[in-house]
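Everything below concerns the one structure shown next.
The values are calculated or read from the model by the stated rules, or taken from the named source; none is laboratory data. Not measured: the values here are computed from a predicted model. Here the Cβ positions follow ideal geometry from the backbone for every residue, glycine too, while neighbour counts run over all protein chains shown.
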(Lines give C-alpha, C1' and ligand atoms only; values in the text may rest on other atoms or scores of the structure.)
Protein backbone atom coordinates (compact mmCIF):
# COMPACT_ATOMS: atom_id res chain seq x y z
CA UNK A 1 0.00 0.00 0.00
CA UNK A 2 3.04 2.31 0.03
CA UNK A 3 2.82 5.30 -2.28
CA UNK A 4 6.56 5.12 -2.93
CA UNK A 5 8.56 1.91 -3.16
CA UNK A 6 11.40 2.15 -0.63
CA UNK A 7 13.26 0.03 1.93
CA UNK A 8 14.52 1.98 4.90
CA UNK A 9 17.90 1.56 6.60
CA UNK A 10 16.58 -0.24 9.70
CA UNK A 11 14.80 -2.88 7.61
CA UNK A 12 17.88 -3.42 5.46
CA UNK A 13 20.17 -3.70 8.47
CA UNK A 14 18.08 -6.57 9.83
CA UNK A 15 18.14 -8.54 6.57
CA UNK A 16 20.28 -11.70 6.78
CA UNK A 17 22.38 -13.08 3.92
CA UNK A 18 24.19 -16.44 3.63
CA UNK A 19 27.95 -16.10 4.26
CA UNK A 20 30.02 -19.14 3.23
CA UNK A 21 33.74 -19.45 3.92
CA UNK A 22 36.11 -17.24 1.93
CA UNK A 23 37.17 -20.03 -0.42
CA UNK A 24 33.59 -20.57 -1.58
CA UNK A 25 32.98 -16.82 -1.73
CA UNK A 26 35.96 -16.41 -4.07
CA UNK A 27 34.80 -19.34 -6.20
CA UNK A 28 31.31 -17.88 -6.58
CA UNK A 29 32.73 -14.44 -7.43
CA UNK A 30 35.03 -15.93 -10.09
CA UNK A 31 32.20 -17.87 -11.74
CA UNK A 32 29.82 -14.92 -11.62
CA UNK A 33 32.42 -12.64 -13.19
CA UNK A 34 32.74 -15.08 -16.11
CA UNK A 35 28.95 -15.13 -16.44
CA UNK A 36 28.81 -11.31 -16.40
CA UNK A 37 31.37 -11.19 -19.20
CA UNK A 38 29.26 -13.50 -21.37
CA UNK A 39 26.12 -11.52 -20.59
CA UNK A 40 27.91 -8.29 -21.44
CA UNK A 41 28.95 -9.63 -24.85
CA UNK A 42 25.42 -10.83 -25.57
CA UNK A 43 23.86 -7.53 -24.45
CA UNK A 44 26.06 -5.68 -26.96
CA UNK A 45 24.72 -7.91 -29.75
CA UNK A 46 21.13 -7.21 -28.69
CA UNK A 47 21.68 -3.47 -28.27
CA UNK A 48 23.34 -3.21 -31.66
CA UNK A 49 20.63 -5.06 -33.57
CA UNK A 50 18.58 -2.05 -34.67
CA UNK A 51 21.69 -0.12 -35.67
CA UNK A 52 22.90 -3.01 -37.81
CA UNK A 53 19.53 -3.22 -39.55
CA UNK A 54 19.75 0.51 -40.35
CA UNK A 55 23.26 -0.02 -41.69
CA UNK A 56 22.05 -2.82 -43.98
CA UNK A 57 19.49 -0.50 -45.55
CA UNK A 58 22.01 2.29 -45.97
CA UNK A 59 24.64 -0.04 -47.48
CA UNK A 60 22.22 -0.59 -50.38
CA UNK A 61 21.82 3.14 -50.96
CA UNK A 62 18.21 2.89 -49.92
CA UNK A 63 17.71 6.66 -49.87
CA UNK A 64 18.23 6.72 -53.64
CA UNK A 65 15.28 4.46 -54.40
CA UNK A 66 11.79 5.61 -55.32
CA UNK A 67 9.56 6.55 -52.44
CA UNK A 68 5.88 5.73 -52.36
CA UNK A 69 3.24 6.84 -49.86
CA UNK A 70 1.86 4.10 -47.65
CA UNK A 71 -1.68 4.70 -48.92
CA UNK A 72 -0.42 3.65 -52.38
CA UNK A 73 1.01 0.43 -50.97
CA UNK A 74 -1.16 -0.77 -48.11
CA UNK A 75 -4.65 -0.78 -46.68
CA UNK A 76 -4.56 0.54 -43.12
CA UNK A 77 -7.05 -0.86 -40.63
CA UNK A 78 -7.52 0.26 -37.05
CA UNK A 79 -7.83 -2.05 -34.09
CA UNK A 80 -10.54 -1.82 -31.43
CA UNK A 81 -11.40 -2.86 -27.89
CA UNK A 82 -14.78 -4.50 -27.21
CA UNK A 83 -16.70 -3.36 -24.15
CA UNK A 84 -14.83 -4.98 -21.26
CA UNK A 85 -17.98 -4.96 -19.13
CA UNK A 86 -19.85 -7.17 -21.59
CA UNK A 87 -18.97 -10.75 -20.69
CA UNK A 88 -20.44 -12.12 -23.94
CA UNK A 89 -17.61 -10.35 -25.78
CA UNK A 90 -14.92 -12.18 -23.81
CA UNK A 91 -16.03 -15.42 -22.18
CA UNK A 92 -15.03 -18.50 -24.20
CA UNK A 93 -13.63 -16.26 -26.91
CA UNK A 94 -11.51 -17.92 -29.59
CA UNK A 95 -10.38 -14.96 -31.70
CA UNK A 96 -6.85 -13.69 -30.87
CA UNK A 97 -7.06 -10.06 -29.69
CA UNK A 98 -3.51 -8.75 -29.89
CA UNK A 99 -2.08 -6.05 -27.63
CA UNK A 100 1.49 -4.82 -27.15
CA UNK A 101 2.18 -7.47 -24.52
CA UNK A 102 1.66 -10.16 -27.17
CA UNK A 103 4.49 -8.85 -29.38
CA UNK A 104 7.28 -11.12 -28.20
CA UNK A 105 8.80 -11.97 -31.57
CA UNK A 106 8.65 -11.11 -35.27
CA UNK A 107 5.51 -13.19 -35.84
CA UNK A 108 2.35 -13.20 -33.77
CA UNK A 109 -0.34 -15.87 -33.95
CA UNK A 110 -1.77 -15.99 -30.43
CA UNK A 111 -2.71 -13.56 -27.68
CA UNK A 112 -3.18 -13.42 -23.94
CA UNK A 113 -6.86 -12.58 -24.34
CA UNK A 114 -9.40 -13.67 -26.94
CA UNK A 115 -12.71 -12.22 -28.02
CA UNK A 116 -15.93 -13.82 -29.29
CA UNK A 117 -17.60 -13.68 -32.69
CA UNK A 118 -20.23 -11.44 -31.13
CA UNK A 119 -17.53 -8.93 -30.14
CA UNK A 120 -16.04 -9.02 -33.63
CA UNK A 121 -19.42 -8.29 -35.19
CA UNK A 122 -19.16 -7.26 -38.85
CA UNK A 123 -15.46 -6.44 -38.63
CA UNK A 124 -13.05 -8.49 -40.71
CA UNK A 125 -10.17 -10.40 -39.19
CA UNK A 126 -6.73 -9.23 -40.21
CA UNK A 127 -5.28 -11.69 -42.70
CA UNK A 128 -2.04 -13.59 -42.34
CA UNK A 129 0.98 -11.41 -43.25
CA UNK A 130 -0.60 -8.21 -41.97
CA UNK A 131 2.08 -5.91 -40.51
CA UNK A 132 1.05 -4.65 -37.06
CA UNK A 133 2.54 -1.26 -36.13
CA UNK A 134 2.00 0.32 -32.72
CA UNK A 135 0.88 3.92 -33.14
CA UNK A 136 0.14 4.99 -29.55
CA UNK A 137 2.36 5.72 -26.55
CA UNK A 138 4.95 3.05 -27.38
CA UNK A 139 5.28 4.01 -31.02
CA UNK A 140 7.10 1.80 -33.49
CA UNK A 141 6.70 -1.75 -32.18
CA UNK A 142 6.13 -4.02 -35.15
CA UNK A 143 5.15 -7.62 -35.91
CA UNK A 144 3.69 -9.77 -38.67
CA UNK A 145 0.57 -11.90 -38.25
CA UNK A 146 1.15 -15.62 -38.70
CA UNK A 147 -2.59 -16.29 -38.38
CA UNK A 148 -5.80 -14.30 -38.64
CA UNK A 149 -6.11 -11.99 -35.63
CA UNK A 150 -7.62 -8.70 -34.49
CA UNK A 151 -5.83 -6.01 -32.45
CA UNK A 152 -6.65 -3.33 -29.95
CA UNK A 153 -6.74 0.34 -30.96
CA UNK A 154 -3.06 0.84 -30.17
CA UNK A 155 -2.15 -0.45 -33.63
CA UNK A 156 -2.34 0.61 -37.23
CA UNK A 157 -2.56 -2.62 -39.20
CA UNK A 158 -1.00 -2.58 -42.65
CA UNK A 159 -2.13 -5.02 -45.36
CA UNK A 160 0.00 -4.99 -48.51
CA UNK A 161 -2.16 -4.34 -51.58
CA UNK A 162 0.21 -6.10 -53.97
CA UNK A 163 3.02 -8.37 -52.75
CA UNK A 164 4.61 -8.11 -56.20
CA UNK A 165 5.30 -4.49 -55.29
CA UNK A 166 5.83 -4.60 -51.52
CA UNK A 167 6.72 -7.64 -49.41
CA UNK A 168 5.22 -7.74 -45.89
CA UNK A 169 8.60 -8.76 -44.46
CA UNK A 170 10.34 -5.85 -46.20
CA UNK A 171 7.66 -3.53 -44.77
CA UNK A 172 8.35 -5.00 -41.33
CA UNK A 173 12.02 -4.06 -41.56
CA UNK A 174 11.68 -0.74 -43.37
CA UNK A 175 9.30 0.49 -40.64
CA UNK A 176 12.14 -0.15 -38.19
CA UNK A 177 14.54 1.71 -40.48
CA UNK A 178 12.30 4.82 -40.59
CA UNK A 179 11.19 4.58 -36.94
CA UNK A 180 12.72 7.91 -35.87
CA UNK A 181 11.17 9.68 -38.87
CA UNK A 182 7.77 8.28 -38.00
CA UNK A 183 8.07 9.29 -34.35
CA UNK A 184 8.86 12.84 -35.44
CA UNK A 185 5.34 13.02 -36.95
CA UNK A 186 3.76 13.14 -33.48
CA UNK A 187 2.53 16.75 -33.03
CA UNK A 188 4.78 18.63 -30.60
CA UNK A 189 3.17 19.33 -27.28
CA UNK A 190 0.68 16.48 -27.63
CA UNK A 191 -0.57 15.18 -24.31
CA UNK A 192 -0.83 11.70 -25.80
CA UNK A 193 1.75 10.25 -28.17
CA UNK A 194 -0.13 9.02 -31.22
CA UNK A 195 0.10 8.96 -35.02
CA UNK A 196 -3.25 8.94 -36.79
CA UNK A 197 -4.21 7.04 -39.94
CA UNK A 198 -4.21 10.08 -42.24
CA UNK A 199 -0.68 11.04 -41.23
CA UNK A 200 0.57 7.49 -41.65
CA UNK A 201 -1.07 7.12 -45.05
CA UNK A 202 0.87 10.12 -46.36
CA UNK A 203 4.22 8.85 -45.09
CA UNK A 204 6.52 7.68 -47.89
CA UNK A 205 8.92 4.75 -47.67
CA UNK A 206 11.73 3.67 -50.03
CA UNK A 207 10.56 0.83 -52.27
CA UNK A 208 13.28 -0.96 -54.27
CA UNK A 209 12.57 -3.83 -56.67
CA UNK A 210 11.52 -7.21 -55.25
CA UNK A 211 14.96 -8.75 -55.69
CA UNK A 212 16.55 -6.13 -53.44
CA UNK A 213 13.65 -6.29 -51.00
CA UNK A 214 14.24 -10.04 -50.62
CA UNK A 215 17.98 -9.48 -50.24
CA UNK A 216 17.48 -6.91 -47.49
CA UNK A 217 14.96 -9.15 -45.71
CA UNK A 218 17.40 -12.08 -45.79
CA UNK A 219 20.22 -9.98 -44.34
CA UNK A 220 17.99 -8.50 -41.63
CA UNK A 221 16.69 -11.95 -40.70
CA UNK A 222 20.27 -13.06 -40.04
CA UNK A 223 20.68 -10.11 -37.68
CA UNK A 224 17.42 -11.06 -35.95
CA UNK A 225 18.67 -14.63 -35.53
CA UNK A 226 21.91 -13.40 -33.94
CA UNK A 227 19.96 -11.14 -31.60
CA UNK A 228 17.66 -14.05 -30.70
CA UNK A 229 20.63 -16.27 -29.86
CA UNK A 230 22.13 -13.48 -27.75
CA UNK A 231 18.86 -13.03 -25.84
CA UNK A 232 18.80 -16.77 -25.19
CA UNK A 233 22.39 -16.61 -23.95
CA UNK A 234 21.52 -13.80 -21.54
CA UNK A 235 18.64 -15.80 -20.06
CA UNK A 236 20.75 -18.96 -19.74
CA UNK A 237 23.71 -17.18 -18.16
CA UNK A 238 21.49 -15.49 -15.61
CA UNK A 239 20.10 -18.87 -14.64
CA UNK A 240 23.68 -20.11 -14.23
CA UNK A 241 24.37 -17.22 -11.87
CA UNK A 242 21.39 -18.21 -9.73
CA UNK A 243 22.69 -21.78 -9.67
CA UNK A 244 26.07 -20.60 -8.36
CA UNK A 245 24.37 -19.45 -5.17
CA UNK A 246 22.33 -22.61 -4.60
CA UNK A 247 24.98 -24.31 -2.43
CA UNK A 248 24.89 -21.44 0.07
CA UNK A 249 21.12 -20.92 -0.09
CA UNK A 250 20.19 -24.53 0.57
CA UNK A 251 19.86 -25.39 4.27
CA UNK A 252 22.74 -27.53 5.53
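Of all residues in region 80-99, none satisfies being without any contact (Cβ under 8 Å) to a residue 40 or more places away in the chain, loosely packed, with under 15 Cβ neighbours inside 10 Å and under 15 Å from residue 155 (Cα atoms). Can you spot a residue in region 206-213 that is in contact with a strand residue (DSSP E or B) (Cβ under 9 Å, 6 or more places away or on another chain) and either closer than 30 Å to residue 39 by Cα or surrounded by 12 or more Cβ atoms within 10 Å (Cβ to Cβ) (or both)? Within region 206-213, one or more residues are in contact with a strand residue (DSSP E or B) (Cβ under 9 Å, 6 or more places away or on another chain) and either closer than 30 Å to residue 39 by Cα or surrounded by 12 or more Cβ atoms within 10 Å (Cβ to Cβ) (or both). So residue 205 passes all but one of these: (1) within 26 Å of residue 48 (Cβ to Cβ); (2) assigned to a helix (DSSP H, G or I); (3) at pLDDT 95 or above. Which condition number does it fail? Going through the list (1) within 26 Å of residue 48 (Cβ to Cβ); (2) assigned to a helix (DSSP H, G or I); (3) at pLDDT 95 or above, residue 205 breaks only (2).
Hey, does region 81-95 have a residue that's at pLDDT 95 or above and closer than 30 Å to residue 208 by Cβ? Within region 81-95, not a single residue is at pLDDT 95 or above and closer than 30 Å to residue 208 by Cβ.
So which strands (runs of 3 or more DSSP E) are wholly in region 52-158 and hold at least 2 residues that are under 22 Å from residue 224 (Cβ atoms) and within 17 Å of the chain's Cα centre (by Cα)? Give the steps one after another, and end with the answer.
Working: elements: 67-69, 74-78, 95-98, 113-115, 131-134, 142-145.
Result: 131-134, 142-145.
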